[in-house]
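Let me begin by presenting the structure, written as structure tokens, before commenting on it.
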Amino acid sequence: MLAAKNLCDLHRTVAAQNGARIALRYPQHGLYHDLSWDEYRRAADDAAAGLIHLGVQLGDRVAILSENRVEWLIADHAILSCGAADVPLHAPLAPVQVEYQVTHSEARGIIVSGQAQADKVAEVIERLPQLEFIVSFDPIRFPNSRVRTLTWDGLRHLGTSADRAEIASRESALHSKSLATIIYTSGTTGHPKGVMLSHGNLLTNAKATFDISFMTEDVVLLSWLPYSHIYARTVDHYLTSIGSITVALAESVDTLFANLRQVRPHWLTAVPRVYEKVWSQIKTLTEADRATAIRKTFGSEMRQLTSGGAPLPRYIAEGFFAAGLPLLEGYGLTESSPVISFNSIEQYRVGSVGKPIGDVEVRIADDGEIQTRGPHVMQGYWKNSDATSQTIIDGWLLTGDVGQLDQDGFLYITDRKKDLFVTSAGKNIAPAELERLLSRDEFIDQAVVYGDGRQFVSALLVPNFDRLRTAVAEQGGSLELSGEFVSDSVATSILAARVESVMQQVSQPERVKKFLILARPFAVADDELTATLKVRRRHIINKYEPQLAALYEES
């Protein structure tokens, strides 16, 4: 195992060891191109020298606002080699959200992918007085002359020999507690909090996760999760360096399955929504046909699939294992760098999120909350000591999740502590379990349940539109999707029967009695999903609460 002092040391050492071997494969104009470890490191040093020439100092912050692309990964290493910390912004952010995170982090500069992202910065530039420069991977036009504008190639050619000599000095000054990144969590109300993660946080977490991955340097990982999210940052980015693993970038989530066929990888990291979509298409097949379909979808070379970022329905994991392709679930938070626990090929228990990884302690509080301690716990929230003191107590990170440990040390997640609600009859409801049951039905793709302080539980449902449309047609109808909600009586009757059947698995007080049918899927652009496609339950409830409340008035 590499004994790296910091993330820069890790990358520089691995690049020197691997030389001309392929580090990255990236799509461009429909074809994949290769970047060697030597070229990867040289590009990072070029960009680091350019940033130093622009005046970036030890401890400064530089933001990145870009979709996944090879330059994103290089830019991350360049910023770290300056001794600075990067502030990765989710690509779908609105201009006002960009403004807040750039201002709050006090970023001196921002690196964008192209004109669309540059336009967001331009819209709020007058409220960003501290911003000194903008660098774009693609050529752009920027209307403000106060801010220096450079292309990515221009940045790489900007540094002098003195700037390059400065890189070694900057890197040697970094230690385990040096700030590496500030990642803003997606809050449901108010402004998001900036999670401060150090070189030590990320390096130790990547190493401990690699130890249970059982992956070797001949492996190719297909990477599509946004690098602005901590899961992809630690696992797809840093862990792969530890193992000298080749990373192939997907073009986008829309091309993920086409890219699987092009790249033929051995490993895919994803979120439950990807596996749910696959399962919804094959769950009515026989077990043998499902196995064939799964292998065709993910490729014969695939060794394992991993899932994180949200709860994975147990039946889906069981289905993939039955098909001969391991689907391993893990658990973590941005505040924990992120991995707390993970299943592995050698030690797994379907339905659990695995055992705590190396150097990570987990305990269950009296109220059922999962708490964790170790080198993975964040330094705190940027410029928010009150929130930090409420979240980290005596070194223990309070996750806000409810769960339990079995006798063998496997961790199980029950629900989000803050998502638990109580009906007016005093019944405690765990919404995540009800939502998992509902979305398991072949006619329901997504579900959010509601009922805090109400006399019964209700839900907002996103149907499987293809199946529902077919079922309505079989009864002589035609499914219309005009407006915000589906009001078709035949469709409502079909789903009512499905919901009633599913609810037989829970007690009467837990059963969904009424529901609304959304006429479209939840979307990232509407702030209903996070960047990793996790449902933002509280935001959705706030958004549709008047319509949900009306269900109770009708009663």
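The values are calculated or read from the model by the stated rules, or taken from the named source; none is laboratory data. The structure displayed is predicted, hence computed values, not measured ones. FYI the Cβ positions are ideal-geometry reconstructions off the backbone, even for glycines, and counts take in every protein chain you see. In case anyone asks, the SASA skips ligands and DNA or RNA and just uses the protein heavy atoms, side chains included. Shrake-Rupley method; radii C 1.70, N 1.55, O 1.52, S 1.80 Å.
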note = Considering only strands (runs of 3 or more DSSP E) wholly within the range 123-186, the ones with at least 1 residues that are surrounded by fewer than 16 Cβ atoms within 10 Å (Cβ to Cβ) and under 29 Å from the mean Cα position of the chain (by Cα) are 148-151
query = Does V70 count as under 27 Å from the mean Cα position of the chain (by Cα), open to solvent by 10 Å² or more (accessible area, probe 1.4 Å) and not basic (K, R)?
reply = yes
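One line per residue, one yes/no per condition, for (1) farther than 27 Å from A107 by Cβ; (2) open to solvent by 60 Å² or more (accessible area, probe 1.4 Å):
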residue: E39; (1), (2): yes, yes
residue: A48; (1), (2): no, no
residue: I52; (1), (2): no, no
residue: L58; (1), (2): no, yes
message = Just to verify a result, which residue in the range 520-543, among those that are among the aliphatic types (A, V, I, L, M) and in a loop (DSSP other than H, G, I, E, B), is modelled with the lowest pLDDT?
response = A531
query = Has the range 502-519 got any residue that is open to solvent by 40 Å² or more (accessible area, probe 1.4 Å), part of a strand (DSSP E or B) and either among the β-branched types (V, I, T) or in contact with a strand residue (DSSP E or B) (Cβ under 9 Å, 6 or more places away or on another chain) (or both)?
reply = yes
inquiry  = Among the residues in the range 544-552, are any surrounded by fewer than 13 Cβ atoms within 10 Å (Cβ to Cβ), under 30 Å from Y184 (Cβ atoms) and either at pLDDT below 90 or in contact with an Asp or Glu (Cβ under 9 Å, 6 or more places away or on another chain) (or both)?
reply    = no
query = Quick one: how many residues across the range 10-40 are among the charged types (D, E, K, R) and under 26 Å from the mean Cα position of the chain (by Cα)?
reply = 2
message = Being over 9 Å from the mean Cα position of the chain (by Cα), among the aromatic types (F, W, Y) and open to solvent by 10 Å² or more (accessible area, probe 1.4 Å) is the filter here; which residues of the range 220-249 pass it?
response = W224
task = Working carefully through the options G358, G351, G308, find the one that is within 27 Å of R536 (Cβ to Cβ), touching a residue at least 40 places away in the same chain (Cβ under 8 Å) and surrounded by fewer than 18 Cβ atoms within 10 Å (Cβ to Cβ).
result = G351
inquiry  = I'm checking my understanding of the structure. Among residues of the range 259-281 that are over 21 Å from the mean Cα position of the chain (by Cα) and farther than 24 Å from V353 by Cα, which one is surrounded by the most Cβ atoms within 10 Å (Cβ to Cβ)?
reply    = V263
